[in-house]
Amino acid sequence: MANPKAPRVTARDRLLAAADELFYAEGVQSVGIERVIDRAGVAKASLYRAFQSKESLVAAYLEARHRVILTELTQAVAEQLEPRARLLAVFDAQARRLRAPGSNGCAFARASAESAVGADVLEQTEDYRRDVRALLTQLAAEAGAPDPIQLGTQLFLLYHSGSVVVTHQQQAEMLPALRNAAEALIDAALAA
């Protein structure tokens, strides 16, 4: 007998879970829609009812990752009281994510770098990047940086480039250097 209190897992939810697993592990272009449908255990019609196209599914996959990552970042920040530590918490959370088993780096960098991505994928990528940059800029302002937009932008460039390097070179040992660079930028900005 089914548990009446258990949330119902919809075909859309199963498709998103399958897309997340397959697209993140193997890439957006290398995974055909049939594999996602098979992994989700749904009919092809369910995919097109929920998403209309593979591009829509990819955009929804990225949007879900965006929410999860921003939640992780804001939770890591919330655990810190000191403004400088709150900025560094973003890089600590990023390092945990990139070191996690099964990590393939930044889903957004990987998806947007593949050929034949459409406007929806690029829009999701830009939304994610804008939100991370805004978070870093807000934290820089809270820390008292004289030019929080400049510091937020510099830190975002480190954050993003770190994700790309780890994505393409599987160089997780570079993450401490990334954090050290962030720390140096923060300290220099706050000392100004």
**Request:** Would you please give the FRET efficiency between Asp131 and Lys44, computed as 1/(1 + (r/R0)^6) with r the Cβ-Cβ distance and R0 = 45 Å, to the nearest 0.05?
**Result:** 0.85
**Asked** Length gain on complete extension for the stretch Glu82 to Arg8, per 0.36 nm per residue less the alpha carbon to alpha carbon distance?
**Response** 22.5 nm
**Request:** Take the alpha-carbon centre of the stretch 104-154, take the same for the stretch 69-99, and report the distance between them in whole Å.
**Result:** 15
**Message:** Over the chain, with a Gaussian network built from C-alpha contacts below 10 Å, which listed residue (Glu55, Glu34, Glu72) shows the highest mean-square fluctuation?
**Reply:** Glu34
**Message:** Could you give the length gained by full extension between Leu70 and Gln171, i.e. 0.36 nm per residue of separation minus their alpha carbon distance, to one decimal place?
**Reply:** 34.1 nm
**Message:** At a 10 Å Cβ-Cβ cut-off, how would you order Leu81, Leu158, fewest neighbours first?
**Reply:** Leu81, Leu158
**Prompt:** Out of Leu57, Gly41, Gly118, whose Cα points farthest toward the positive end of the dipole of the chain (charges: +1 Lys, Arg; -1 Asp, Glu; placed on Cβ)?
**Reply:** Gly41
**Message:** Once R0 is set to 30 Å, what does the formula 1/(1 + (r/R0)^6) return for the Cβ-Cβ distance between Ile149 and Asn104, expressed as a FRET efficiency to the nearest 0.05?
**Reply:** 0.45
**Message:** Which one, Ser56, Ser103, Ser30, has the greatest fluctuation when you compute a Gaussian network model over the chain with C-alpha springs under 10 angstrom?
**Reply:** Ser30
**Fill in**
Kirkwood radius from Cα pairs of the stretch 73-128 plugged into Stokes-Einstein at 37 °C, 0.692 mPa s, gives D in µm²/s equal to 253
**Two-decimal ratio, the stretch 119-191, of alpha-carbon radius of gyration to 2.2 N^0.38 Å** = 1.19
**Prompt:** Using unit Cβ charges (K, R positive; D, E negative) and no other charged atoms, how large, in debye to the nearest 20, is the dipole of the chain about its Cα centre?
**Reply:** 640
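Values quoted throughout were computed directly from the atomic coordinates according to the rules given, and no laboratory measurement underlies them. These numbers come from a predicted model, not from an experiment. Cβ coordinates were reconstructed from backbone atoms using ideal geometry, including for glycine residues, and neighbour counts include every protein chain displayed.
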